[in-house]
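The values are calculated or read from the model by the stated rules, or taken from the named source; none is laboratory data. Bear in mind that the values here come from a model prediction, so they are computed numbers and not experimental data. For neighbour counting, all protein chains shown are included, and Cβ atoms are generated from backbone atoms with ideal geometry for every residue, glycine included.
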Amino acid sequence: MAISTRLTCAFGIRHPIVMAPLDAVGGADLAMAVSRGGGLGMLGGGYGDRGWLEAEYAKAGDAPIGCGFITWSMAREPGLLDLALERRPKALMLSFADPEPFARRVLDAGVPLFCQVHSLEHVRRALDVGASAVVAQGVEAGGHGRTQQGTITFVPEVADFLRNAGSDALLIAAGGLADGRGLAAALMLGADGALFGTRYYATREAAAHPDAKAKLLACSGGSTVRTTVYDIVRGKAWPDGYTARLMRNRFVEAWHGRENALVSSQGGVRHAYDDALSDGDFEIANVTVGEAAALIHDLPSAEDLTRRIGEEAEALLSRGADRLD
Ligand SMILES: Cc1cc2nc3c(=O)[nH]c(=O)nc-3n(C[C@H](O)[C@H](O)[C@H](O)COP(=O)(O)O)c2cc1C
């Protein structure tokens, strides 16, 4: 039996599944495949590269997908937001900075605003600016964040907060979710749906290097760490407090905990990083994935995967309902 939530009803989707914006890994092919599978695909607007965004939108045509930005970075070229809004995204997601300077434009365009949140303070702010949905990200998540809490406590805390505030904003759980168990758990925690990032990295359509995907598949629990070392080497000016979860490798072992030395050794290390990226050497270059990597063992199409996660959750929840009878 299909799972019907406020998210599926609001967006006319078959499964309460949202793809995370995954920067350049999350191009049009991946986003469209997720939407074909019955979820909500999201273009990874990421740091904001106009050429990339135009090319991906040209591929996507009028496919029913959303778009997400790294807000502090998009702020350096706010015209990118207009570019995205002109394409009538199903949702526009703002993460990693105060959404207020951009929220009005999103709402005036009649586009649902999603805000990724890492604290109750962020939730309050998202509600103040009129967010339609908050994406509550736990510390297990791949990529950037500043959450201190795990998904299993943060999501119900946000659910309680929204209820006590009398808010009808949707709640989407994120971080550490990889399969139907994760989706079912997210719904039980009070979410209207779940957002998957790391899981979609391991799909045929993800625009990641095949060796990076292979490393993800070989990874087990505890293979990831939150760190700033790749932000330092790539010269990405993340606001204070943000770290990124990614896979441990030789580069992380060499520099994590020695960030000051990394700052002062820029030139050579940066070149080595750039070379490793073009050579596909992921002992030096980063594989940005979260703890969910430990639960991922295959490389399906994102369309099949979306259906599979949805159907697994349906089966689990109906089994649970039978047990309660
Ligand atoms: C490779 C990668 C890139 C990401 N890039 C973005 C991004 O550009 N914008 C954003 O809002 N979140 C980004 N995230 C974080 C996701 O929005 C989401 O919070 C996270 O993937 C959820 O946890 P999970 O990876 O355990 O599914 C990224 C995550 C990964 C793994």
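Among the residues that make up the stretch 44-54, is at least one of them touching a Phe, Trp or Tyr at 6+ places or on another chain (Cβ under 6 Å) and either touching a residue at least 60 places away in the same chain (Cβ under 8 Å) or under 22 Å from A97 (Cα atoms) (or both)? There is at least one residue in the stretch 44-54 that is touching a Phe, Trp or Tyr at 6+ places or on another chain (Cβ under 6 Å) and either touching a residue at least 60 places away in the same chain (Cβ under 8 Å) or under 22 Å from A97 (Cα atoms) (or both). The set of residues in the stretch 98-127 being β-branched (V, I, T) and either in contact (Cβ under 8 Å) with a residue 60 or more places away in the chain or within 14 Å of the ligand (Cβ to nearest atom) (or both) consists of V117 alone. If you go through the stretch 32-50 and keep only what is buried (at least 24 other Cβ atoms within 10 Å of the Cβ) and within 15 Å of the ligand (Cβ to nearest atom), you end up with V34, G39, L40, G41, M42, L43, G44, G45.
Find the residue count for the stretch 101-127, including only residues that are surrounded by fewer than 16 Cβ atoms within 10 Å (Cβ to Cβ) and closer than 23 Å to K90 by Cβ. The total comes to 5.
Kindly list the number of the only condition in (1) buried (at least 19 other Cβ atoms within 10 Å of the Cβ); (2) of a type in the set (S, T, N, Q); (3) in contact (Cβ under 8 Å) with a residue 60 or more places away in the chain; (4) within 15 Å of G142 (Cβ to Cβ) that fails for T306. Just one mismatch for T306, condition (4).
Looking only at the stretch 281-311, which residues are more than 16 Å from the ligand (Cβ to nearest atom) and either of a type outside the set (D, E, K, R) or within 14 Å of G39 (Cα to Cα) (or both)? If the condition is that a residue be more than 16 Å from the ligand (Cβ to nearest atom) and either of a type outside the set (D, E, K, R) or within 14 Å of G39 (Cα to Cα) (or both), then I284, S301, E303, D304, R307, E311 are the ones that fit. Among the residues of the stretch 286-297, those identified as touching a residue at least 60 places away in the same chain (Cβ under 8 Å) and closer than 18 Å to A24 by Cβ are V287, T288, V289, G290.
Within the option set A244, A294, A254, being farther than 21 Å from V139 by Cβ, modelled with pLDDT of 95 or more and not charged (D, E, K, R) holds for one residue only, A254.
The single condition among (1) modelled with pLDDT of 95 or more; (2) of a type outside the set (K, R); (3) in contact with a Leu (Cβ under 6 Å, 6 or more places away or on another chain) that G48 does not meet is (1).
Pairing each residue of the stretch 15-34 that is basic (K, R) with any residue that is more than 13 Å from the ligand (Cβ to nearest atom), provided the two are 6+ apart or on different chains, yields no C-beta distance under 7 Å.
Yes or no: A84 of a type outside the set (K, R), within 27 Å of T198 (Cα to Cα) and in a helix (DSSP H, G or I)? Considered against the rule, which asks whether it is of a type outside the set (K, R), within 27 Å of T198 (Cα to Cα) and in a helix (DSSP H, G or I), A84 comes out as yes. Could you tell me whether L81 is out of contact with any Cys (no Cβ under 7 Å at 6 or more places or on another chain) and surrounded by fewer than 21 Cβ atoms within 10 Å (Cβ to Cβ)? The answer is no for L81.
Name every residue in the stretch 232-261 that is crowded, with 18+ Cβ neighbours inside 10 Å and in a helix (DSSP H, G or I), in order of residue number. Once the filter is applied, which keeps residues that are crowded, with 18+ Cβ neighbours inside 10 Å and in a helix (DSSP H, G or I), the stretch 232-261 yields I232, V233, F251, V252, W255. Consider the stretch 56-75 and keep the residues that are closer than 19 Å to A206 by Cβ and β-branched (V, I, T). The one that is nearest to the ligand (Cβ to nearest atom) is I70. The test for being away from the ligand (no atom under 13 Å from the Cβ) and not in a loop (DSSP other than H, G, I, E, B) does not hold for L53.
Here is a list: A212, A202, A276, A191. Which entry is modelled with pLDDT of 95 or more, surrounded by fewer than 19 Cβ atoms within 10 Å (Cβ to Cβ) and among the small types (G, A, S)?
A276
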